[in-house]
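Q: The structure under discussion is supplied below as structure tokens; questions concerning it will follow.
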Amino acid sequence: MAPAADREGYWGPTTSTLDWCEENYSVTWYIAEFWNTVSNLIMIIPPMFGAVQSVRDGLEKRYIASYLALTVVGMGSWCFHMTLKYEMQLLDELPMIYSCCIFVYCMNFRKKVPPIIGITTQFHAWWHILTGLGSYLHILFSLYTRTLYLRYRPKVKFLFGIWPVILFEPLRKH
């Protein structure tokens with residue numbers, strides 16, 4: 001949920017089912033979540049150049065479609081974060097689903113490879129894994145910085161040499 005200090009802006013009250021943690025309309029009255037909005041430029045500008053380059057190079061249409069699909073995802077996400085309206089939320093979420101279909105289509109060999117390799121094309125499963133990992137690491141970072149501030153003496157350790165956890169050294173008595 002967004003901070004309680006949020007205010008109503010140009011687009012009116014929020015109607016989306018999600019309101020991210022960025023304070024609404026804090027940078028400009030015209031954009032609800034400024035940083036979540038402008039960060040979508042990475043999904044708009046480079047794919048547009050990629051689509052143009054693919055046309056110039058005479059590449060298969062599937063790659064042009066992939067670039068354009070990513071552009072549509074970025075534009076939908078831009079509109080959603082700019083307005084926080086339910087209709088724009090759909091414009092954000094639905095293109096993600098459809099573009100994944102295009103991305104998987106670009107991988108025609110999927111049925112011909114061993115199952116252990118085919119798992120790499122399971123994009124939604126990867127989304128779960130990477131989102132879960134990112135969220136876990138965010139919690140660890142927040143816990144580490146907070147407990148460091150509180151003088152708990154946190155230490156990052158790695159279980160089995162790969163999985164980070166936070167452990168605390170006992171507080172020293174003066």
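The values are calculated or read from the model by the stated rules, or taken from the named source; none is laboratory data. Computed from a prediction, not measured in an experiment: that's the story for all the values here. Note that each Cβ is placed from the backbone with ideal geometry, even for glycine, and that neighbours are counted across all protein chains shown. Ligands, DNA and RNA are stripped out before the accessible areas are found, and what is left, the full protein with its side chains, is counted by its heavy atoms. Shrake-Rupley method; radii C 1.70, N 1.55, O 1.52, S 1.80 Å.
Q: Subtracting the Cα-Cα distance from 0.36 nm times the residue separation, let me have the gained length for Trp126 to Leu41 in nm, one decimal. Kindly include the intermediate steps, with their values, before the conclusion.
A: Working: separation 85, 0.36 × 85 = 30.60 nm, distance 2.29 nm.
Going from the current span to full extension adds 28.3 nm.
Q: Treating the beta-carbon of each Lys and Arg as +1 and of each Asp and Glu as -1, no other charges, what is the dipole magnitude of the stretch 1-106 about its Cα centre, to the nearest 20 debye? Mind dumping the intermediate values first?
A: Working: 5 positive and 11 negative charges, 94 e Å.
Approximately 460 debye in magnitude.
Q: Once the piece of chain linking Ile116 and Leu159 is laid out straight, how much longer is it, given 0.36 nm per residue of separation minus the C-alpha distance between them?
A: Values: separation 43, 0.36 × 43 = 15.48 nm, distance 2.53 nm.
Length gained, Ile116 through Leu159: 13.0 nm.
Q: Please turn the phi angles of the stretch 36-46 into ³J(HN,Hα) values with the Karplus equation 6.51 cos²θ - 1.76 cosθ + 1.60 (θ = phi - 60°), one per residue in order, whole Hz, x for glycine and proline.
A: Each residue of the stretch 36-46 in turn: 5, 6, 5, 5, 6, 4, 5, 9, 10, 6, x Hz.
Q: Using each residue's phi in the stretch 149-160, evaluate 6.51 cos²θ - 1.76 cosθ + 1.60 at θ = phi - 60° and report the 3J(HN,Hα) Karplus result to the nearest Hz, with x for Gly and Pro.
A: Here the 3J(HN,Hα) series is 4, 7, 6, 7, 6, x, 10, 8, 10, 10, 6, 6 Hz.
Q: Looking at the stretch 23-68, which GluC sites (Glu not before Pro) are DSSP coil and have at most 12 other C-beta atoms within 10 Å of their C-beta? Working shown, then result.
A: On the way: sites: Glu23, Glu33, Glu60; in loops: Glu23, Glu33, Glu60.
Sparse-neighbourhood loop GluC sites (Glu not before Pro): Glu60.
Q: Let me ask you something else. For Lys157, what accessible surface area do you get with a 1.4 Å probe? Give it in Å², rounded to 10.
A: Roll a 1.4 Å probe over it and Lys157 shows about 100 Å².
Q: Then there is this: Please list Leu59, Leu84 from largest to smallest accessible area, probe radius 1.4 Å, with all protein chains kept in place. If you can, show how the numbers build up before the last one.
A: Working: Leu59 90, Leu84 0 Å².
I get Leu59, Leu84, largest accessible area first.
Q: For the pair Thr145 and Phe49, what calculated FRET efficiency results from E = 1/(1 + (r/R0)^6), where r is the Cβ-Cβ distance and R0 = 41 Å, to the nearest 0.05? Let's see the in-between values first.
A: Details: r = 38 Å, r/R0 = 0.92.
Here the calculated transfer efficiency is 0.60.
Q: What is the packing order of peptides 36-44, 66-74, 160-168, taking the mean over residues of other C-beta atoms within 10 Å and listing the highest first? Each step should come with its number before you reach the end.
A: On the way: 36-44: 16.0, 66-74: 21.0, 160-168: 9.8.
Ranked from most to least packed, the peptides come out as 66-74, 36-44, 160-168.
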